[in-house]
Amino acid sequence: MYKKIAKILYKIFTPATVYKYFFSISPMYRRSTGKIKYVSKNLDTINIEIPLSYKNKNYADSIFGGSLFSATDPIYMMQLIKILGDSYIIWDKYSSIHYIRPAKENAYASFIFSKEEIDNIKSGIRKNGEIVWDKKLSITDKNGGIFCFLEKKIYIADKFFYNRKINTPHISMN
């Protein structure tokens, strides 16, 4: 459903505009309470805000950890899907979060891919057909004080390689 809606929106708006204004209102993301605040034209940088509100405040009057985690969950994958294009399979393989202190005010995160990272991803895929890319992220207050760290492992594969891999019968060693 989201792909079909996005396809229509891309005919009218730039990908950056679609992500900034429409991603935040999608039901799957809106529930996280995160808000996309900035998207660069080439989507290499996306900034989000997670406002402290009655929707995500926990018993300790801080942002519920699940809101911090879910507001960050889809961003790197969505960035790579648009940056790399339709020739790739991209999905989150692993995520972890390490809490440092309670988020008792609005939280912020910046998702950035450098040109060098994108080149290294493409090079790794040309060489191996698939890779698992590690990204680390901090969720901070407005002054850069850290609430938590996240680690993401993102699976990225050449679409042809991936389809051949999943359709090749494996030999059982039983």
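Looking across the range 23-41 at every residue that is open to solvent by 40 Å² or more (accessible area, probe 1.4 Å) and within 15 Å of the chain's Cα centre (by Cα), the one that is modelled with the lowest pLDDT is identified as MET28. If the condition is being in a helix (DSSP H, G or I), touching a residue at least 12 places away in the same chain (Cβ under 8 Å) and within 24 Å of GLU130 (Cβ to Cβ), then the range 52-99 contributes THR72, ILE75, TYR76, MET77, MET78, GLN79, LEU80, LYS82, ILE83, LEU84.
When the range 134-150 is filtered for residues that are open to solvent by less than 50 Å² (accessible area, probe 1.4 Å) and either part of a strand (DSSP E or B) or among the charged types (D, E, K, R) (or both), the ones remaining, listed by number, are LYS135, LEU137, SER138, ILE139, THR140, ASP141, PHE147, CYS148, LEU150.
Can you pull out every residue in the range 100-113 that is open to solvent by less than 40 Å² (accessible area, probe 1.4 Å), outside any strand (DSSP E or B) and farther than 28 Å from TYR162 by Cβ?
Going through the range 100-113, the residues open to solvent by less than 40 Å² (accessible area, probe 1.4 Å) turn out to be 103, 107, 109, 111, 113.
Now narrow it down to the ones that are outside any strand (DSSP E or B): 103, 113.
Result: ALA103, single match.
Being part of a strand (DSSP E or B) and open to solvent by 30 Å² or more (accessible area, probe 1.4 Å) narrows it down to one of LYS153, LYS122, LYS127, so name that one. Steps first, please.
Details: LYS122 fails: part of a strand (DSSP E or B); LYS127 fails: part of a strand (DSSP E or B).
None of the other options fit; the residue is LYS153.
Using the structure shown, decide if THR45 is among the β-branched types (Val, Ile, Thr), surrounded by fewer than 18 Cβ atoms within 10 Å (Cβ to Cβ), in contact (Cβ under 8 Å) with a residue 60 or more places away in the chain and touching a strand residue (DSSP E or B) at 6+ places or on another chain (Cβ under 7 Å).
Values: among the β-branched types (Val, Ile, Thr): yes; surrounded by fewer than 18 Cβ atoms within 10 Å (Cβ to Cβ): yes; in contact (Cβ under 8 Å) with a residue 60 or more places away in the chain: yes; touching a strand residue (DSSP E or B) at 6+ places or on another chain (Cβ under 7 Å): yes.
Judged against the criteria, THR45 is a match.
Considering only the range 164-174, I want to know if a residue exists there that is over 18 Å from LYS35 (Cα atoms), in a helix (DSSP H, G or I) and in contact (Cβ under 8 Å) with a residue 12 or more places away in the chain. Within the range 164-174, one or more residues are over 18 Å from LYS35 (Cα atoms), in a helix (DSSP H, G or I) and in contact (Cβ under 8 Å) with a residue 12 or more places away in the chain.
Put simply, of LYS37, LYS20, LYS11, LYS82 the only residue that is farther than 23 Å from TYR155 by Cβ and out of contact with any strand residue (DSSP E or B) (no Cβ under 9 Å at 6 or more places or on another chain) is LYS11.
Test ILE75 against the criterion of being under 22 Å from ILE5 (Cβ atoms) and open to solvent by 20 Å² or more (accessible area, probe 1.4 Å), and give yes or no.
Taking the combined requirement at face value, the residue does not satisfy it.
Among the residues of the range 47-90, the ones that are within 17 Å of SER24 (Cα to Cα) and charged (D, E, K, R) come to 4 in all. Scoring ILE63 on the criteria (1) open to solvent by 30 Å² or more (accessible area, probe 1.4 Å); (2) in contact with a strand residue (DSSP E or B) (Cβ under 8 Å, 6 or more places away or on another chain) leaves a single failure, condition (1).
The values are calculated or read from the model by the stated rules, or taken from the named source; none is laboratory data. All of these numbers come straight from a predicted model, not from anything done at the bench. We place every Cβ from the backbone using ideal geometry, glycine too, and count neighbours over all the protein chains shown. Ligands, DNA and RNA are excluded from the accessible area calculation, which covers all protein heavy atoms including side chains. Shrake-Rupley method; radii C 1.70, N 1.55, O 1.52, S 1.80 Å.
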